[in-house]
Amino acid sequence: MSNAMTLPPPASLAPAGAGALALASKSMLPGTLGNLDAYIQAVNRIPLLSQADETRLATEYREQNNLDAARQLVLSHLRLVVSIARNYLGYGLPHADLIQEGNIGLMKAVKRFDPRQNVRLVSYAIHWIKAEIHEYILRNWRMVKVATTKAQRKLFFNLRSHKQGMQPFTPDEIAGLAKELNVKREEVTEMETRLAGGDIALEGQFEDGEESFAPIAYLADSRTEPTAVLASRQRDLLQTEGLADALESLDARSRRIIEARWLQVQDDGSGGATLHELADEFGVSAERIRQIEASAMKKMRGALQQYA
């Protein structure tokens, strides 16, 4: 997202199948986020609604799908989004983007708000606004997500608010936080470690014409790793000289059976010859071919020991 981006069209306020909405038009907004200071001044000039007006507008939108009523509800609460978003500037993300995400939460709140519950929209919308901002922070704060479950998200934001300076938590502080947040001490320690870590580019960064060291410089090439190279050479030797010597140790019949059974491919692309085919060739039973094959394989294993 960029700071020059306009507020997102609140299409979620519309019923399914609705096309272009008056609520989604640029004229409904006090400006764009391109000039953040001007935007904030503009939303602060929008008058607040009384409880009676708020209830009336919410009822019109809920019962009559009056989009102009929804527009007024959204506009009158934009300053609330700005105020909430300001509390999350410590994450290093653009203020305009935080406001924009919060506005999406506000629009969702307006869509789901029920005036019959006798609750002001501000109390209801706060949770939706924070939820959207939280999701945006977790998606964009790091390349690698630091919190993936609901419990981890809660722990993430609570630890950030309790963190004082750059110093790690003491054992007593970890124990106190674990008790206060109703989590295990190990979970507090793990999340603190995640927060303390940073993203590092795998590739090197070029500075002053020289490439700085990066993690990729320390990754081993499996093709040239010493033990892998030795194992590959041993395997090649076994498959060439070792196999040739092992076959040379057999008599002609045994060698013919081993080659036909294991080293040859039939014309139709299938595997080696069957026991019955070799039995017909040598004029013996299939069981006898099996016995000769087993004896030859045992002799070959003995010949291959020197290459192991």
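Quick check on the range 75-129: take the gyration tensor over C-alpha atoms, sort the square-rooted eigenvalues as a ≥ b ≥ c, and tell me if it's rounded (a/c under 1.5), prolate or oblate.
Prolate.
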Practice item. Find the accessible area per residue for the range 88-131; the probe is 1.4 Å, ligands and nucleic acids are left out, and the unit is Å². Key: 43
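From the Cα gyration tensor of the range 34-141, with a ≥ b ≥ c the square roots of its eigenvalues, which class applies: rounded if a/c is under 1.5, or else prolate if a/b is larger than b/c, or else oblate?
Taking the square roots of the gyration eigenvalues as a ≥ b ≥ c, the range 34-141 is prolate.
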Exercise for review: Sort the range 235-303 into rounded, prolate or oblate with this rule: let a ≥ b ≥ c be the square roots of the eigenvalues of the Cα gyration tensor; rounded if a/c is under 1.5, and if a/c is not under 1.5, prolate when a/b is larger than b/c, oblate otherwise.
Suggested key: oblate
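When the accessible area of the range 34-141 is computed with all protein chains present and a 1.4 Å probe, what percentage of it is carbon and sulfur? Show your work: numbers first, answer last.
Working: 2380 of 5100 Å².
Answer for the range 34-141 is 47 percent, counting heavy atoms of protein chains only.
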Review point. How many nm is it between the label spots at GLU277 and ASN140, if each spot is 7 Å from the Cα in line with the beta carbon?
Key: 6.7
Practice item. Quick one: go through the range 282-301 and flag any residue whose amide nitrogen is under 14 Å from the point 7 Å out along the Cα-to-Cβ line of ALA252. Key: 282
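Any idea what the dipole of the range 34-141 comes to, in debye rounded to 20, about its Cα centre with Lys/Arg Cβ at +1 and Asp/Glu Cβ at -1?
Details: 13 positive and 11 negative charges, 33 e Å.
Roughly 160 debye, rounded to the nearest 20.
The values are calculated or read from the model by the stated rules, or taken from the named source; none is laboratory data. Everything numeric here is computed off the predicted structure, so don't read it as measured data. Because the Cβ atoms are built from the backbone with ideal geometry, glycine has one as well, and the counts that use them run over all protein chains shown. With ligands, DNA and RNA removed, areas are computed over all heavy atoms of the protein, side chains included. Shrake-Rupley method; radii C 1.70, N 1.55, O 1.52, S 1.80 Å.
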